[in-house]
Amino acid sequence: MGSGWSSEEERQPLLGPGLGPAPGTAWRSREAAAAALPAATPGLGRVYGRRWLVLLLFSLLGFAQGLVWNTWGPIQNSARQAYGFSSWDIALLVLWGPIGFLPCFAFMWLLDKRGLRITVLLTSFLMVLGAGLRCIPISDLMLKRRLIHGGQMLNGLAGPTVMNAAPFLSTTWFSADERATATAIASMLSYLGGACAFLVGPLLVPAPNGTSPLLASENSRANIKDRIETVLYAEFGLVCLLFSATLAYFPPRPPLPPSVAAASQRLSYRRSFCRLLSNLRFLMIALAYAIPLGVFAGWSGVLDLILTPVHVSQVDAGWIGFWSIVGGCVVGIAMARFADFIRGMLKLILLLLFSGATLSSTWFTLTCLNSITHLPLTTVTLYASCILLGVFLNSSIPIFFELFVETVYPVPEGITCGVVTFLSNIFMGVLLFFLTFYHTELSWFNWCLPGSCLLSLLLILCFRESYDRLYLDVVVSV
């Protein structure tokens, strides 16, 4: 079950030339698809129970990556006192996530050429190294900060796989009526890991008192540092456990493909990029995803810093961030299951979600400006607006992923999602970069949320959807 599982023979199409669409093309008519029926491969469409174990391992890996990435944002005040982090350090610790997407296309090339197992093993190994670097016991605070930054960078390099490979995994292992659900579970668990960081950090790490770091007692600082190191060791243990499980069992594909789309020919790596960059419909929907999700990811990473001026405690900020992402994960999986039952409704679902996101983000922004708008600024209104925003935006992610793949099929799933998440992380990185220079005034960051959601809503409204992959599965599998 090692590298032999991912051979050159494995990467060849399992269907004969008469069944899949010709290389570089997709099914364009019912007649073209139906003509391939006589060449159907025996056993095509079979699913295996082990697919749920593969999905569980991949999802838990994404959970751990999100947990490690968001370690520092929810406890940034405590980290400042324990390790002497500056505002630049806190922003950079979050920024390592989008920076890790710079070699995104190298990971997607590896996924396309070497298969799922090799890519996932490399990803989990990088996570082990990153989590381990943060745990090295060093008394020199300067060196310790560098090791923490190095660990966050390595964990960020694992982001391209856990964020982009979900549609590839769902197509490889799941039937057409389970794909959206599998994509939702695999992609949402990474966000759930980031949400749990909002919960674990503030609950286990005490917030510093109101004194400055120079006046804080050494006992208090040592206690905070010990609690942070406990969190780091626990995360390291979790990552090591998942790496061991992945090494023991993570097959790259089932013996027989679960659908026609899983077995059909895909475009080459180079031709895929040419197809994506020349497809205006794809570029439109990619921007509709990348801009608001990139803004929201950066906003969530420094939520504690954003809510500090409105006198929200570190613990309350952690709970707000936790429930906003958890709500999005639950609704996202439910929406994906609905999309599996009622096919061809992805655009309508996105329109409903982004209408809600625009309204809830506007509500939050105006509430934070209560001195001007005179809207009630209470814990209830902040909880409600943030949670609704997280529900609407996070639940749109698996729906977007499925729509991307349907729009540009037969471009490989990993390459398609790699391009859009790369764009999303560019927007996130740019915002966090500006945040390091304008961290004393964050009202502009809040206005980016409703603006990006409204822009995305307009782009989705103008988008013309198509379902080439689904049409292939439905027609040829009949």
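The values are calculated or read from the model by the stated rules, or taken from the named source; none is laboratory data. What you see is a predicted model; the values in this text were computed from it and never measured. Here the Cβ positions follow ideal geometry from the backbone for every residue, glycine too, while neighbour counts run over all protein chains shown. Accessible surface is based on the protein model in full, side chains and every heavy atom, while ligands, DNA and RNA are left aside. Shrake-Rupley method; radii C 1.70, N 1.55, O 1.52, S 1.80 Å.
Could you check the stretch 444-473 and list, in sequence order, the residues that are of a type in the set (Gly, Ala, Ser) and surrounded by fewer than 18 Cβ atoms within 10 Å (Cβ to Cβ)?
Within the stretch 444-473, 451, 466 qualify.
Working only within the stretch 143-179, note down all residues that are under 30 Å from residue 473 (Cβ atoms) and open to solvent by 10 Å² or more (accessible area, probe 1.4 Å).
The answer is 163, 168, 172, 175, 176, 177, 178.
Condition first: closer than 19 Å to residue 232 by Cβ and among the polar types (S, T, N, Q). Now tell me which residues in the stretch 94-136 satisfy that.
124
Within the stretch 44-70, how many residues are open to solvent by 10 Å² or more (accessible area, probe 1.4 Å), touching an Asp or Glu at 6+ places or on another chain (Cβ under 8 Å) and within 29 Å of residue 145 (Cβ to Cβ)?
Selection size over the stretch 44-70: 1.
Which one of 300, 361 is assigned to a helix (DSSP H, G or I), at pLDDT below 75 and of a type in the set (Gly, Ala, Ser)?
The conditions single out 300.
So that you can scan it fast, the table gives a plain yes or no per residue for (1) within 28 Å of residue 422 (Cβ to Cβ); (2) surrounded by fewer than 16 Cβ atoms within 10 Å (Cβ to Cβ); (3) charged (D, E, K, R); (4) in contact with an Asp or Glu (Cβ under 9 Å, 6 or more places away or on another chain):
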position	(1), (2), (3), (4)
246	yes, no, no, no
252	yes, no, no, yes
274	yes, yes, no, no
277	yes, yes, no, no
286	yes, no, no, no
295	yes, no, no, no
308	no, no, no, no
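Can you find, within the stretch 372-392, the residue that is modelled with the lowest pLDDT among those that are under 19 Å from residue 313 (Cα atoms) and of a type in the set (A, V, I, L, M)?
Here the residue is 377.
Can you say whether residue 131 is part of a helix (DSSP H, G or I), modelled with pLDDT of 90 or more, touching a Lys or Arg at 6+ places or on another chain (Cβ under 8 Å) and within 21 Å of residue 64 (Cα to Cα), as far as the supplied structure shows?
Answer is no for this residue.
Inside the stretch 255-272, can you point out the residues that are basic (Lys, Arg) and either farther than 13 Å from residue 412 by Cβ or buried (at least 18 other Cβ atoms within 10 Å of the Cβ) (or both)?
266
Looking only at the stretch 331-354, filter to residues that are in a helix (DSSP H, G or I) and more than 13 Å from residue 395 (Cα to Cα); which one of those is least open to solvent (accessible area, probe 1.4 Å)?
Among those that are in a helix (DSSP H, G or I) and more than 13 Å from residue 395 (Cα to Cα), it is 340.
Out of the residues in the stretch 247-295 meeting the condition of being assigned to a helix (DSSP H, G or I) and modelled with pLDDT under 85, tell me which one is nearest to residue 56 (Cα to Cα).
Among them, the one singled out is 262.
Only one of 52, 96, 88 is among the aromatic types (Phe, Trp, Tyr), in a helix (DSSP H, G or I), modelled with pLDDT under 85 and closer than 29 Å to residue 162 by Cβ. Can you tell me which?
Going through 52, 96, 88 in turn, the sole match is 88.
Using the structure shown, decide if residue 108 is closer than 30 Å to residue 263 by Cα, in contact (Cβ under 8 Å) with a residue 60 or more places away in the chain and crowded, with 18+ Cβ neighbours inside 10 Å.
Yes; evaluated as a whole, the condition is true for this residue.
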